[in-house]
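Here's the structure, in structure tokens; my notes come after.
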Amino acid sequence: MNNRERTMAVLNYQNYDKMPIVHFGYWWELLQKWHQEGHLTKEEADGYGDGNEIDKKIADKLGFDFCWTHQYGANNGLMPQFEYKVLEQRPDGFVIHQNGNGLIEETRPGAGSIPATVGTLMTGREAWEELYKPRLQPGKQRYGAPEQLADIKVYLDNLADRPAGAHAGSLYGSIRDMLGVEGLSYLYADDEDLYIEIIDTIGNICYENMKAVLESGVKPDFLHYWEDICFKNGPLVNPEIFKTYVAPYYKKISELAHKYEINIISLDCDGCIDKLVPIWLQNGVNTMFPIEVGTWNASIRPWREAYGRELRGVGGMNKNVLACDFKAVDGEIERLKPLVDLGGFIPCPDHRLPPNAGWDNTRYYCDQMRKIFG
């Protein structure tokens, strides 16, 4: 079996020869540290991207099989994006800038954390009509010309070293990226009609894009969403509101995928996602990723007990042990064994490896996973 075949076999509860050893990338600071330690070349440290040729080189050095990512994605966001602008340079080093989504952010040069949102160009109905809606129009420019899609089909058909994924978009996280958490939260109370219109606009773009892609003959193994709409204590959106206005688009896209015999639909959401899991599952999203262990000890086990075998997962490996020692790594692998036995689950470090991850620890993890599950 190749990695593509064995991955889909695991997620579909079929027989497989060995468990693929999967990762989800690295912090930039970690790659620079590994370069300074002599493990990576400068080209490798600077040129990494999920699924690119350098990713494969680094994976080979460490012992991973592949990075969990999609290979094709239509453009579901603003077209064109806003111009990046530096609005203020403060004496303390902080910078206020406008990003491509129209968010006004505060950043500190050299900091690797998420920027603080201090404002947005999306200030209400007038801004929506003049600045955003014209940039959120459907059309062929979003998914490529027929000859481009034909090339994508050939590429995905011949993929063997990893599963073939197509990005289905972001039905709520992309809106958060335009308004900010606070702005999006207030919008429902301030202008419910506008709130719904924005959700409908994004949802229809994602659906029409995927419909055109699948009708072209492109046949991925799985669809993949990105959301990132939870934090350590739960969702950044009221689950009932999410169920009412956003979930129908997951259902619509899932039903479309099923017509093309695509049954694995994966979703990337960080944080404590427990209150959204049943909503996603009821609407066709059946593979949770990255299942962050975090301070809340996320695990596929309670979800499987609650929702059954339709719920799959990729992730759930506590990446923090890679900053400890071999004993800690062994303990984490022992914890993962009964979860693997549940089936439909592929262990993967529960997000990008952080700057304190050790090279030797990471190689040891891959070696031990291969010995035990390979």
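Simple point charges give the picture: +1 on the Cβ of Lys and Arg, -1 on the Cβ of Asp and Glu, and for the chain a dipole about the Cα centre of about 960 debye. Scanning residues 5 or more positions from residue 230 or on other chains, those with amide H under 5 Å from its amide H are 236, 270, with H placed 1.01 Å from N in the peptide plane. Based on the Stokes-Einstein relation at 25 °C and a viscosity of 0.890 mPa s, and on the Kirkwood radius from alpha carbon pairs, the chain is assigned a translational diffusion coefficient of 113 µm²/s.
Estimated at the nearest 10 Å², the accessible area of residue 122 is 10 Å² with a 1.4 Å probe. What the Cβ-Cβ distance of residue 15 and residue 360 gives, at R0 = 25 Å and to the nearest 0.05, is a FRET efficiency of 0.15.
Listed values for region 358-374 are Karplus-derived 3J(HN,Hα) couplings in whole Hz (6.51 cos²θ - 1.76 cosθ + 1.60, θ = phi - 60°), namely x, 4, 5, 4, 5, 5, 5, 4, 4, 4, 5, 4, 5, 5, 7, 10, x, and x replaces Gly and Pro. Rounded to the nearest 20 debye, the dipole size of region 68-185 about its Cα centre is 180 debye, using +1 on the Cβ of Lys and Arg and -1 on the Cβ of Asp and Glu.
Can you tell me the equivalent ellipsoid semi-axes for region 106-215? Use √(5λ) from the Cα gyration tensor, largest first, whole Å. Semi-axes (√(5λ), whole Å): 32, 20, 12.
For residue 312, the residues whose modelled amide H falls within less than 5 Å of its own, excluding neighbours fewer than 5 places apart on the same chain, are 287, 288.
Hydrodynamic radius of region 197-316 by the Kirkwood approach over all distinct alpha-carbon pairs: 14.8 Å.
Give me Rg/Rg_expected for region 246-374, where Rg uses Cα atoms only and Rg_expected = 2.2 N^0.38 Å with N residues. Output field value: 1.14. Net charge dipole, region 117-229: roughly 480 debye, given to the nearest 20, about the Cα centre with Cβ charges of +1 for Lys and Arg and -1 for Asp and Glu. Note on region 21-94: Cα Rg divided by 2.2 N^0.38 Å, N the number of residues, gives 1.49.
Think of region 176-229 as having a plus end and a minus end, set by charges on the Cβ of Lys, Arg, Asp and Glu; of 224, 205, 186, 224 sits farthest toward the positive end of this dipole. Length available on full extension from residue 111 to residue 307: 0.36 nm per residue minus the Cα-Cα distance, which gives 66.6 nm.
Shown in residue order for region 156-170 are the 3J(HN,Hα) couplings computed by the Karplus curve 6.51 cos²θ - 1.76 cosθ + 1.60 at θ = phi - 60°: 5, 4, 9, 5, 9, 7, 6, x, 8, x, 10, 7, 8, x, 9 Hz (x for Gly and Pro). Only protein atoms count toward the accessible area here, which uses a 1.4 Å probe; on the chain, the carbon and sulfur part of that area reaches 50 percent.
Here the calculated FRET efficiency for residue 371 and residue 190, from their Cβ-Cβ distance with R0 = 56 Å, stands at 0.50, rounded to the nearest 0.05.
For the pair region 82-152 / region 164-221, the C-alpha centres are spaced 15 Å from each other. Using 0.36 nm per residue and subtracting the Cα-Cα separation, the extra length available between residue 157 and residue 37 on full extension is 39.3 nm.
For the pairs 211/243; 219/319; 85/319; 56/319; 18/56; 133/275, note any where the Cα-Cα span goes beyond 26 Å. Correct reply: 219/319; 85/319; 133/275. Legend: calculated FRET efficiency, residue 150 to residue 5, from the Cβ-Cβ distance at R0 = 30 Å, rounded to 0.05, equals 0.80. Within the full protein context, the accessible area of residue 221 is estimated at about 40 Å² for a probe radius of 1.4 Å. Rolling a 1.4 angstrom probe over the protein heavy atoms with all chains in place gives region 266-334 an accessible area of 37 Å² per residue.
Ranked from largest to smallest solvent-accessible area, with a 1.4 Å probe on the protein heavy atoms, 312, 352 come out as 352, 312.
For residue 50, the accessible area of its heavy atoms, probed at 1.4 Å with every protein chain present, is near 60 square angstrom.
For region 281-297, putting each phi into the Karplus relation 6.51 cos²θ - 1.76 cosθ + 1.60 with θ = phi - 60° gives couplings of 4, 5, 10, x, 7, 10, 10, 8, 8, x, 6, 5, 5, x, 7, 9, 6 Hz, in residue order, rounded to whole numbers and with x for Gly and Pro.
Partner aspartates and glutamates whose Cα lies under 19 Å from the Cα of residue 33, excluding those fewer than 8 positions away in the same chain, are identified as 43, 44, 46, 50, 55, 60, 325, 360.
The values are calculated or read from the model by the stated rules, or taken from the named source; none is laboratory data. Quick caveat, the model's predicted, so the values are computed rather than measured. We place every Cβ from the backbone using ideal geometry, glycine too, and count neighbours over all the protein chains shown. Just the protein is used for accessible areas: all its heavy atoms, side chains included, with ligands, DNA and RNA removed. Shrake-Rupley method; radii C 1.70, N 1.55, O 1.52, S 1.80 Å.
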